[in-house]
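Shown next, in structure tokens, is the structure this report addresses.
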Ligand code: PGA
């Protein structure tokens, strides 16, 4: 997957049953196969990943996990799932540092460890960053920059091309409206610049920055075109199958 639009569906703790998960995945997989310029990654709960894996390699469609353990190898780590285990059952991506995990206690240091574990285990990390509130003076920009720097602290430069950033202003997650498109554009440039400060300008130009927060099939086109992002991280709409398929088609039309 390179230089293409990327739409990631973060299913969160949905749907309620394996049967429903299979149904959504089957329909999304079929829709993805009909796209020309867009790759789709769905991130179901851990328990559904293996079960929704297509039997054969499927066009424009891949699986991801919603988090990954900081622990590597095997051992006495109750409740943990390693990157290598996820890779073994068919995941290719892992979300790290989602705000809902950060709220439960994930610090930037832990996010950095998860990111490293994902890379070491053969998964492409999708690192979520974003401010909780926006102040008029713009102090949140410094916070965002620190969050990026700290979350990427354990990644070697050579891995930069395998890292995806999802910019998700926390106040827009689960909200009615997304951030306005020109602010998305502005902030995504800021994120690329922060990435360049860490990994060099060539990597800064290449890194894919996704936007997440209240994306749906109605606003996806506008966010992609006016917001000029490389893709989207979609929560609610990713388990609303008809809406998600419309969203994919809208992104592919650009
Ligand atoms: P939302 O969630 O699309 O439901 O706002 C986005 C996210 O949490 O990744």
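Quick note: the coordinates plus some simple rules give every number you see, no bench work behind them. Everything numeric here is computed off the predicted structure, so don't read it as measured data. Cβ atoms come from the backbone with ideal geometry, glycine included; neighbour counts cover every protein chain shown.
What does the C-alpha gyration tensor say about the overall shape of region 1-48? Classify as rounded when a/c is under 1.5, otherwise prolate if a/b is larger than b/c, or oblate.
Working: a/c = 3.48, a/b = 1.78, b/c = 1.96.
Note, shape of region 1-48 comes out oblate.
Based on the Cβ-Cβ distance of residue 157 and residue 74, what FRET efficiency does E = 1/(1 + (r/R0)^6) give at R0 = 22 Å, to the nearest 0.05? Show your work: numbers first, answer last.
Numbers: r = 29 Å, r/R0 = 1.33.
E(calc), rounded to 0.05, equals 0.15.
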Mind giving me the FRET efficiency for residue 150 and residue 176? R0 is 22 Å, r the Cβ-Cβ distance, nearest 0.05 is fine. 0.10
Report P(r) for region 137-240: all Cα-Cα distances, bin width 5 Å, range 0 to the bin holding the largest distance, values in whole percent. 2, 12, 23, 23, 18, 13, 6, 1
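Considering only DSSP beta bridges whose two residues both sit in the chain, what percent are antiparallel, to the nearest 5? Don't skip to the end; give the middle numbers.
On the way: 0 of 31 bridges.
The antiparallel proportion sits near 0 percent.
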Residues in region 133-169 that a label on residue 109 would reach, taking backbone N under 15 Å of a point 7 Å out along Cα→Cβ: 150-154
What value, in deg cm²/dmol to 500, does the helix sum -39500 (n - 2.57) over DSSP H runs of n ≥ 4 give at 222 nm once divided by the residues of the chain? -12000 deg cm²/dmol
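Taking each pair of distinct Cα atoms in region 1-149 once, what is the resulting Kirkwood hydrodynamic radius in Å?
On the way: mean 1/r = 0.0610 Å⁻¹.
When all Cα pairs of region 1-149 are included, the Kirkwood radius is 16.4 Å.
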How many nm is it between the label spots at residue 92 and residue 189, if each spot is 7 Å from the Cα in line with the beta carbon? 3.2
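Over the Cα atoms of region 193-254, what is the Rg over Rh ratio if Rh follows Kirkwood?
On the way: Rg = 13.5 Å, Rh = 12.5 Å.
When Rh is taken as the Kirkwood radius, the ratio is 1.08.
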Please sort 21-27, 70-76, 164-170 by packing, taking for each peptide the average over its residues of neighbouring beta carbons within 10 angstrom, highest first. 164-170, 21-27, 70-76
Classify region 106-154 as rounded, prolate or oblate, taking a ≥ b ≥ c as the square roots of the eigenvalues of its Cα gyration tensor: rounded when a/c is under 1.5, otherwise prolate if a/b is larger than b/c and oblate if not. prolate
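What's the whole-number percent of alpha carbon pairs in region 38-110 lying beyond 19 angstrom?
Values: 1017 of 2628 pairs.
Cα-Cα pairs of region 38-110 separated by over 19 Å account for 39 percent.
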Rounded, prolate or oblate: pick one for region 175-218, where a ≥ b ≥ c are the square roots of the eigenvalues of its C-alpha gyration tensor, a/c under 1.5 means rounded, and failing that, prolate if a/b is larger than b/c, else oblate. prolate
Counting every Cα pair in region 69-165, what percent are over 21 Å apart? 34
In µm²/s, what is D for the chain at 4 °C and 1.567 mPa s, where D = kT/(6 pi eta Rh) by Stokes-Einstein and Rh is the Kirkwood radius from Cα pairs? 72
Roughly what would the spin-label model give for residue 59 and residue 136, points 7 Å off Cα along C-beta, in nm? 5.3
